[in-house]
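The values are calculated or read from the model by the stated rules, or taken from the named source; none is laboratory data. Keep in mind that what you see is a predicted model, and the values were worked out from it rather than measured. With ideal geometry, Cβ positions are generated from the backbone for all residues, glycine too; neighbour counts draw on all protein chains shown.
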Amino acid sequence: MKKTFLPCMAALVACLLSAHAQSSRRPISGGGSFGGAGLVKPAPPKKTITRTITYLALTKERQWINTTGKSILATLVAFDPGDKAKSVPPTIIKGGKIRLLKEKKVFLLPLDTLSPKHRSEVLSINSQVGGIYEKNPATRGLPGAPPIPPAPENRVSTIPTPNAPPAKAIKDLNPPPRPLSATEIRHHTAQLGAPPKSAPTGCPTMLASIKNGEVTSIPQSKIKHWGPVRAHLWKGKPYWTVTVTYPDASGFGSLDTQAMALMSGNRVIKWLYSKSGEEVP
């Protein structure tokens with residue numbers, strides 16, 4: 001028994017040593033019982049490319065209304081900046097369409113879908129901008145420059161040149177209500193009277209106006225936010241005001257719009273868009 005047991009033990013030890021040696025020589029990238037993979041070099045980080053887009057604004061941010069009465073608060077921008085040196089004006093109307101910039105996104109809108117009033121305004125802007133470039137004396141005689149009228153019209157353009165800040169150069173013919181300072185409010189106390197009652201859930205004076213049909217495009221059920229009571233000056237007269245934010249359907253989908261009610265003597269005198277000062281239908 002002892003002679004048989006010893007050779008068996010020696011053979012078993014030899015097998016174990018041989019298996020250990022083979023295992024120690026196995027490369028790291030070999031496929032072990034856990035399916036191990038080789039070391040992978042990390043890929044270099046991708047370069048971030050930042051692109052800046054500049055638009056030539058031809059109006060301030062304002063309300064644009066289409067033929068169905070729907071509106072969008074946006075800025076009219078040109079398709080291209082034109083070429084001052086060659087007296088080439090910016091392209092404002094292209095293929096019968098205009099460009100409107102809304103919250104860093106540009107929309108194309110057929111010109112004939114605008115209301116007659118706003119369509120006329122765009123055509124007027126297009127004409128005035130073209131006139132500015134044609135009457136640029138620095139371009140006289142340059143190849144490709146359009147002829148300069150012999151007798152320029154004596155009128156002040158309300159459209160800025162490309163180098164002028166649009167917000168300062170454009171004359172606002174219909175300015176929105178201006179907020180009154182504390183000193184001005186004290187000065188107009190007699191005209192303002194007592195401020196209207198209001199709460200985060202609504203202003204009773206404005207709710208009555210909506211219920212009576214004085215404004216049709218602001219459903220009470222869709223009002224998302226009621227602003228605080230403030231005092232504004234509009235067309236030389238002081239009014240108590242409260243703003244409302246609500247979704248307004250436009251040619252570009254449903255967009256949040258802010259309107260303002262001008263109140264005096266516990267009644268709404270006028271509903272206006274807060275930024276443009278235009279009347280809310």
Report summary line: With criteria (1) within 27 Å of residue 272 (Cα to Cα); (2) among the β-branched types (Val, Ile, Thr); (3) at pLDDT 85 or above, residue 68 comes up short on (3)
Report task. State which residue is farthest from residue 195 (Cα to Cα) when the search covers only the stretch 210-242 and only residues that are in a strand (DSSP E or B) and in contact with a Cys (Cβ under 9 Å, 6 or more places away or on another chain). Result -> 226
Requested in this report: Would you be able to say whether some residue in the stretch 269-279 is surrounded by 17 or more Cβ atoms within 10 Å (Cβ to Cβ), on the phi > 0 side of the Ramachandran plot, touching a residue at least 12 places away in the same chain (Cβ under 8 Å) and assigned to a loop (DSSP other than H, G, I, E, B)?
Outcome: yes
Report task. Test residue 53 against the criterion of being aliphatic (A, V, I, L, M), modelled with pLDDT of 85 or more and either out of contact with any Leu (no Cβ under 7 Å at 6 or more places or on another chain) or in the same structural domain as residue 120 (by TED's automatic domain parsing) (or both), and give yes or no. Result -> no
Query raised in the report: In the stretch 189-212, is there at least one residue being touching a strand residue (DSSP E or B) at 6+ places or on another chain (Cβ under 7 Å), within 21 Å of residue 266 (Cα to Cα), of a type in the set (D, E, K, R) and not assigned by TED's automatic domain parsing to the domain that holds residue 132?
Result: no
Query raised in the report: Could you list, in sequence order, the residues of the stretch 189-206 that are crowded, with 16+ Cβ neighbours inside 10 Å and either over 17 Å from residue 272 (Cα atoms) or within 29 Å of the chain's Cα centre (by Cα) (or both)?
Result: 192, 196, 198, 202, 203, 206
Query raised in the report: With 106, 88, 77 as the choices, which residue is crowded, with 16+ Cβ neighbours inside 10 Å, more than 21 Å from residue 277 (Cα to Cα) and not assigned by TED's automatic domain parsing to the domain that holds residue 259?
Result: 88
Requested in this report: Mind telling me which of the residues 125, 185, 210 ends up being within 24 Å of residue 70 (Cβ to Cβ) and modelled with pLDDT of 90 or more?
Outcome: 210
